[in-house]
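Asker: Submitted below is the structure of interest, expressed as structure tokens.
Laboratory data are not the source of any read-out in this text; all were calculated from the coordinates shown. The model shown is predicted, which means the values in this text are computed figures rather than measured ones. Quick reminder, even Gly has a Cβ in these numbers, built from the backbone with ideal geometry, and neighbours come from all protein chains shown.
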Amino acid sequence: MPDSSQRASEIDDTCNHAGPTRRDLLQGSLAIAGAAFASSVAPSALLAEPKAKRPNLVFFFGEGQRADALSIAGNPILKTPNHDRIGAEGMLFQNAFCTNALCAPARATVLTGLYSRSSGALSNERLNVPLPSDIPLVTDILREAGYEVAILGKVHIRNGVEDRYWDYYFGHNDPSNNYANPIFKEGRKGKVGPERQFHDVYPDDLTVDRALAWLDEDRGDKPFCLLIWFVAPHEPFFRARRHLDLYRGTVIPKPATFDDDLKGYPGKPKGFIDAENKIGTTPTHPACGSLEGIVKDYYSGLVAVDENIGRVLSYLGKKKILEDTAIVHSSDHGYFLGEWRMFDKRLMHEPSIRIPMMVRYPKRIPAGTVRTEAVLDVDIAPTLLDLAGLPIPAHMQGKSMLPLAKAPDPAFRPEWYYEYYEWPNPEAVRPCRGIRTDRYKLIHYVLDPQEFELYDLQADPQETKNLYGLSQYASLQKHLLERLEKLRSKLPDRRQA
């Protein structure tokens, strides 16, 4: 049987609404981009610039952290004071999204600045196959500019990006890792060692222990780029020992759509109804047996993440380098916590695609800045380069979010493209693509029989009234389908070998 990436390519070809594919375009364009990258950030050219010190960079990356899983976003149960500090002292985005709600593809996107279809990292499969060598990572570019670069935690991307140069590496490529006895690989100066198992330590605590030890090393005047990527609260949602009693007696509200299955999922297509990511009925996901259990464990994991973010902020403050360090926080995707009785992600509905996004750097971002423009995970790599004062390579498909720190820009991104490929998958979620504007969303399930969902997010933010096929929305439907294919055709399509 072909793997899911290959199946995804077949699905993409057979879609009735497919625009012209561009199978080989990215191969050549990124080769050119790679050469341009090498020349545009060559050390000799950079050394010729004035000796202005570049900021340090810290990128906290969450695992399945919903946009509303923050107290700064109004969560009534979860308290995240250290996350909140980043947003309150910097720029908080209220409409941030991922472009493929799955772990490994999203992680490839933030490192490359490319949509899944253009990097070829379509799914969670082929994890032992490196990303194409002609695609530079944002950390490759930063390293050429004089940064020391480190990645720690849950990497979960092609080959764990072990083939790229890291000044320090302490990561694992497992989807969830072993919470009780975690397994990591450690490496320095471009060499990554074998797996090693640790005992009786919470994985994110260990990750931050190693991150702080690396920060404490003498690197002279070189700036650093530190990526801390957490494993919590990924299923099975194990808690740190200190949090085993957390949320005892707390009442977990039931989402308004939790019982829609009892009504036959009104308005939803068969592909949505048949997905097996339903709380309480999945033999392959025993941790998802009840709404109360999953939500409390999920929130407890995020409390541990918040504490570890606080440890890093405290260290930077004590070393008097916090104000010289730009901090970015986001997540790979969102997560269903009982909406339509679902868990997990993958689908294009709001709980799955909405992610947190915050940037703190007082020298360029006024505290308390809040923006409503749509920003995407594909924007993170360009933003990191902009923070470092480096040019953004032309092949990157996102754009820096930093101009929004100066003033709102209603034209920043009026519409954007989503695509989920993996098939088959553990939850039987069908491949889909879609377009989202500030008001409307159209979802196209591409397997036969093809199905659609259309929502007016202004009138129906909970996505309960599917407007697709209603005569009064025929013109809107046609327009969105055309725009969907227009957006898709602009993204070079890199096929798997």
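Asker: Roughly how many Å is it from the Cα centre of the stretch 439-461 to that of the stretch 293-312, as a whole number?
Answerer: 33
Asker: Moving to a separate point now. Sort 400-409, 212-221 by packing, meaning the average of other beta carbons within 10 Å per residue, with the highest value first.
Answerer: 400-409, 212-221
Asker: Take the Cα coordinates of the stretch 127-284, assign each an equal point scatterer, and use the Debye formula without solvent to give log10 I(q)/I(0) at q = 0.09, 0.10 Å⁻¹.
Answerer: -0.45, -0.54
Asker: Would you mind classifying the stretch 352-497 by shape? Square roots of the alpha carbon gyration tensor eigenvalues, ordered a ≥ b ≥ c; an a/c under 1.5 is rounded, otherwise it is prolate if a/b is larger than b/c and oblate if not.
Answerer: Numbers: a/c = 2.15, a/b = 1.54, b/c = 1.40.
It is prolate, given that a/c is not under 1.5 and a/b is the larger ratio.
Asker: Measure up K363/K441; K191/K222; K53/K185; K191/K345; K191/K399 against 30 Å on the Cα-Cα distance and list the ones that go over.
Answerer: K363/K441; K53/K185; K191/K345; K191/K399
Asker: Averaged across orientations, what area in nm² does the convex hull of the alpha carbons in the chain project?
Answerer: Working: hull surface 90.7 nm².
Taking a quarter of the hull surface, the average projection is 22.7 nm².
Asker: To continue, here is another question. What is the extension gain from K406 to I321, computed as 0.36 nm multiplied by their sequence separation minus the C-alpha to C-alpha distance, in nm to one decimal?
Answerer: 28.2 nm
Asker: Determine which aspartates and glutamates satisfy two conditions relative to K254: a Cα distance under 15 Å, and not lying fewer than 8 residues away in the same chain.
Answerer: List returned: E292, E339.
Asker: With a sphere of radius 15 Å drawn around the Cβ of G62, what net charge do the other residues whose Cβ falls strictly inside it have (Lys, Arg +1; Asp, Glu -1)? Don't skip to the end; give the middle numbers.
Answerer: Numbers: positive: R66, R107, K154, K345, R354; negative: E63, D68, D84, D204, E235, D306, E307, D332, D377.
Value of the local net charge: -4.
Asker: Can you work out the FRET efficiency for the pair N159 and S475, with r the C-beta to C-beta distance and R0 = 30 Å, to the nearest 0.05? Numbers along the way, then the final one.
Answerer: Values: r = 47 Å, r/R0 = 1.57.
Step by step, r from the Cβ atoms, then E = 0.05.
Asker: Sticking with this structure for a sec: Would you mind computing the Rg to Rh ratio of the stretch 81-200 from its alpha-carbon coordinates, Kirkwood style for Rh?
Answerer: Reported Rg/Rh, Kirkwood definition of Rh: 0.99.
Asker: In nm, give the distance between the simple-model label positions of S314 and H199, each being 7 Å from the Cα along the Cα-to-Cβ direction.
Answerer: For the pair S314/H199, the computed spacing is 2.8 nm.
Asker: Given axes a ≥ b ≥ c from the Cα gyration tensor, I'd like to know whether the stretch 267-374 is rounded (a/c under 1.5), prolate (a/b larger than b/c) or oblate. Let's see the in-between values first.
Answerer: Details: a/c = 4.07, a/b = 1.93, b/c = 2.11.
The shape class here is oblate.
Asker: Same structure again: At a Cα cut-off below 15 Å, give the aspartates and glutamates reachable from K154, other chains included and same-chain residues fewer than 8 away excluded.
Answerer: E63, E162, D174, E186, E195, D204, D205, D209, E235, D332
Asker: Right, here's the next one. Given a Förster distance of 35 Å, report the FRET efficiency between K363 and D209 from their Cβ-Cβ distance, rounded to the nearest 0.05.
Answerer: About 0.75, to the nearest 0.05.
Asker: Just add up the charged neighbours of R239: K/R +1, D/E -1, any other residue whose Cβ is under 10 Å from the Cβ of R239.
Answerer: +1
Asker: Hey, with R₀ at 45 Å, roughly what FRET efficiency would K490 and N181 work out to, going by the Cβ-Cβ distance, to 0.05?
Answerer: 0.45
Asker: Based on alpha-carbon positions alone, could you give the equivalent ellipsoid semi-axes of the stretch 408-453 from the gyration tensor, as √(5λ), descending, whole Å?
Answerer: 27, 12, 7
Asker: How do the peptides 263-276, 120-133 rank, highest first, by the average count of neighbouring beta carbon atoms within 10 Å per residue?
Answerer: On the way: 263-276: 15.4, 120-133: 19.5.
Listed from highest to lowest mean packing, they are 120-133, 263-276.
Asker: Next up: If one computes the Cα centroid of the stretch 57-74 and of the stretch 219-252, what distance in Å separates the two points?
Answerer: 11
Asker: For the stretch 316-361, what class follows from the C-alpha gyration tensor (a ≥ b ≥ c being the square roots of its eigenvalues): rounded when a/c is under 1.5, otherwise prolate if a/b is larger than b/c, else oblate?
Answerer: Numbers: a/c = 5.39, a/b = 3.56, b/c = 1.51.
Judged from the Cα gyration tensor, the stretch 316-361 comes out prolate (a/c at least 1.5, a/b above b/c).
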